[in-house]
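Heads up, the thing below is written out as structure tokens.
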Amino acid sequence: MEFMQRKQDLPKKDCVQCQRPFTWRKKWARCWNEVRYCSERCRREAKQHSTPRRQVHEQYD
């Protein structure tokens, strides 16, 4: 029988986007090493800010 683990003993990381700490979740058990964001919102915001915005270049005559 597996023993229960206390929440404060679970692994923690800092979110790349908001810099807040977050703890391991069961749904991340297989991919914990790849998890970078604490939430879907942070992941979306990081994706929006990382894509370069199209710059309008003025043509000079």
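For Met4 and Lys47, a Förster radius of 25 Å and the Cβ-Cβ distance give a FRET efficiency of 0.10, rounded to the nearest 0.05.
Per atom type, the stretch 1-40 shows carbon and sulfur on 51% of its accessible surface, probed at 1.4 Å. Of the peptides 37-47, 18-28, the order by per-residue mean of other Cβ atoms within 10 Å, starting with the highest, comes out as 37-47, 18-28.
Where does the charge balance sit around Val16 when Lys and Arg score +1, Asp and Glu -1, over other residues with C-beta under 15 Å from its C-beta? In short, +4.
The values are calculated or read from the model by the stated rules, or taken from the named source; none is laboratory data. Source: prediction; values computed, not measured. Every residue, glycine as well, gets a Cβ built from its backbone with ideal geometry; the counts of neighbours run over all protein chains shown. Quick note on the areas: whole protein, heavy atoms, side chains included, nothing else; ligands and nucleic acids left out. Shrake-Rupley method; radii C 1.70, N 1.55, O 1.52, S 1.80 Å.
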